[in-house]
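Notes follow the structure.
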Amino acid sequence: MDALAFIKMHGLGNDFVVIDGRAHDPQLTAGQVARIADRHTGIGCDQLIVLETPPSASNGVAADVFMRIYNQDGSSSDACGNATRCISSLIMTETGSAAVNIQTGAGVLATGAADGGRVSVDMGPVNTDWQSIPLAEEANTAELPIDIAGLARPIAVNVGNPHMIFFVDDAEAAPIDAHGQALEHHPLFPERTNVQMAEVLADGSIRLKTWERGVGRTSASGSSACAVLAAAHLRGLTGREADVVMDGGVLHIEWRADNHVVQTGPVATSFRGIIDPTLLG
C-alpha cells in the first residue's frame with residue numbers, strides 16, 4: 001500500500017486521524033486501523049475517519065461527504081459527534097460554505113458554523129425504545145435492570161449509537177475506569193454500548209465521565225453529551241438545554257421539540273502528516 005496523507009484533529013481532546021479517501025479508497029482492515037490508532041507505535045487516536053464520496057441523496061437530502069468511522073480497536077461506529085464537527089469544519093473550509101451535510105452510518109447530519117469558531121451538528125433524533133438501542137431483550141429503557149457496585153437504574157438511549165447513562169452524586173469519584181469495560185460488554189447490549197456517569201450540578205450544567213465503545217476512557221464524546229442531556233431531561237433533572245462539562249471541555253446541547261438533539265462546540269487541527277506504508281503492514 002502507498003503512503004497515506006492524514007490530518008490529526010480533535011474536539012475537546014477526543015482525537016481523530018482523518019484520511020481523505022474520496023479519490024482513492026484506502027480499504028483499511030481492522031488491524032491496520034488499530035495499528036494507526038495505537039498511541040505507542042502508531043499515530044494515536046480515539047477514532048480513525050475516512051472521507052468518502054457520498055452516495056445518492058438520502059430521503060431527498062444530498063450530503064457533501066460521507067464519513068466512515070472506525071474505533072480505536074478497528075471496529076466500526078455509526079456516529080461520532082466530535083468527529084462530525086471536525087469534518088464539518090474541513091468541508092466548510094474546502095467549499096467556502098457556512099453549512100454542510102455530513103453523511104454517516106446514522107444518516108445525513110446537518111452542520112454549520114456557530115459563534116466563536118465553534119461548529120453545530122444536528123445529531124438527529126433521540127431513540128428510547130428497546131429495539132432501537134438495541135437491547136438483547138425487551139426492557140424498560142428508563143430504568144434498566146442493571147446494578148453493579150452501587151451503580152443502578154441506568155437509562156438507555158440511542159443517539160446514532162447505543163448509550164447507557166448512570167446519574168451519580170459525584171461524577172469526579174464515579175468508577176468509570178473500574179466498571180466501564182464490563183458495562184460496555186453487558187449482555188443486555190448485543191452491539192456493546194457507550195457508558196456515561198453523570199452528575200447534574202447546581203448551576204444546571206452536567207458533569208460527565210465517558211467510556212466509549214471500542215475505545216475506553218475518552219476526554220470528551222459528542223454523542224455521549226447528547227445522550228446524557230436527553231437522559232437528564234427524561235429523569236426530570238434538567239430542561240431540554242444545558243452545558244455538558246467533560247474532562248476536555250464543554251459542549252452546549254439542546255434537545256429540540258422535534259426530537260432532534262443539537263451539539264455545539266470547538267474543533268482543532270493538531271498536525272498533518274504521511275502514514276508510512278510499513279505501519280500498514
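Exactly one residue out of G74, G44 is touching a helix residue (DSSP H, G or I) at 6+ places or on another chain (Cβ under 6 Å) and in a loop (DSSP other than H, G, I, E, B): that is G74. Answer yes or no: is there a residue in segment 6-17 that is at pLDDT 95 or above, among the basic types (K, R), open to solvent by less than 60 Å² (accessible area, probe 1.4 Å) and more than 20 Å from V108 (Cβ to Cβ). Looking through segment 6-17, at least one residue is at pLDDT 95 or above, among the basic types (K, R), open to solvent by less than 60 Å² (accessible area, probe 1.4 Å) and more than 20 Å from V108 (Cβ to Cβ). In the set R192, R153, only one residue is among the charged types (D, E, K, R) and touching a helix residue (DSSP H, G or I) at 6+ places or on another chain (Cβ under 8 Å); that residue is R192.
For segment 77-102, the set of residues classified as at pLDDT below 95, among the hydroxyl-bearing types (S, T, Y) and open to solvent by less than 10 Å² (accessible area, probe 1.4 Å) is empty. Taking every residue in segment 133-147 that is without any contact (Cβ under 8 Å) to a residue 40 or more places away in the chain and more than 16 Å from R213 (Cβ to Cβ) and pairing it with any residue that is among the hydroxyl-bearing types (S, T, Y) and surrounded by 13 or more Cβ atoms within 10 Å (Cβ to Cβ), at least 6 positions away or on another chain, the pairs with Cβ-Cβ distances below 9 Å are T141/T128. Among the residues of segment 206-225, those identified as closer than 29 Å to G74 by Cα, open to solvent by less than 20 Å² (accessible area, probe 1.4 Å) and not charged (D, E, K, R) are L208, T210, G214, G216, T218, A220, S221, G222, S223, S224, A225. Residues considered: D247, D169, D243, D203. Of these, the only one that is free of Cβ contacts under 8 Å to residues at least 12 places away in the same chain, more than 19 Å from T141 (Cα to Cα), in contact with a strand residue (DSSP E or B) (Cβ under 9 Å, 6 or more places away or on another chain) and open to solvent by 10 Å² or more (accessible area, probe 1.4 Å) is D203. State whether the residues of segment 30-39 include one that is more than 13 Å from S76 (Cα to Cα) and either assigned to a loop (DSSP other than H, G, I, E, B) or among the aromatic types (F, W, Y) (or both). Taking every residue of segment 30-39 in turn, at least one turns out to be more than 13 Å from S76 (Cα to Cα) and either assigned to a loop (DSSP other than H, G, I, E, B) or among the aromatic types (F, W, Y) (or both).
When residues of segment 261-281 are filtered for being assigned to a strand (DSSP E or B), open to solvent by 50 Å² or more (accessible area, probe 1.4 Å) and either over 19 Å from I87 (Cβ atoms) or of a type in the set (S, T, N, Q) (or both), how many remain? Selection size over segment 261-281: 3.
Pairs only if they're at least six apart or on different chains, beta carbon under 6 angstrom, first in segment 39-54 and among the hydrophobic types (A, V, I, L, M, F, W, C), second part of a loop (DSSP other than H, G, I, E, B); list them, first residue then second. Short answer, once both residue conditions are applied: V50/G21; L51/G21; L51/R22. Scanning segment 251-260 for residues that are surrounded by 15 or more Cβ atoms within 10 Å (Cβ to Cβ) and in contact (Cβ under 8 Å) with a residue 40 or more places away in the chain returns L251, W255, H260.
The lone criterion from (1) assigned to a strand (DSSP E or B); (2) open to solvent by less than 40 Å² (accessible area, probe 1.4 Å); (3) over 20 Å from G265 (Cβ atoms); (4) not charged (D, E, K, R) left unmet by A63 is number (1).
The values are calculated or read from the model by the stated rules, or taken from the named source; none is laboratory data. Note that the structure is predicted; figures quoted are calculated from it, not measured. Cβ sites come from the backbone with ideal geometry, for glycine too, and all protein chains shown count toward neighbours. What goes into the accessible areas is simple: the full protein's heavy atoms, side chains included, and nothing from ligands, DNA or RNA. Shrake-Rupley method; radii C 1.70, N 1.55, O 1.52, S 1.80 Å.
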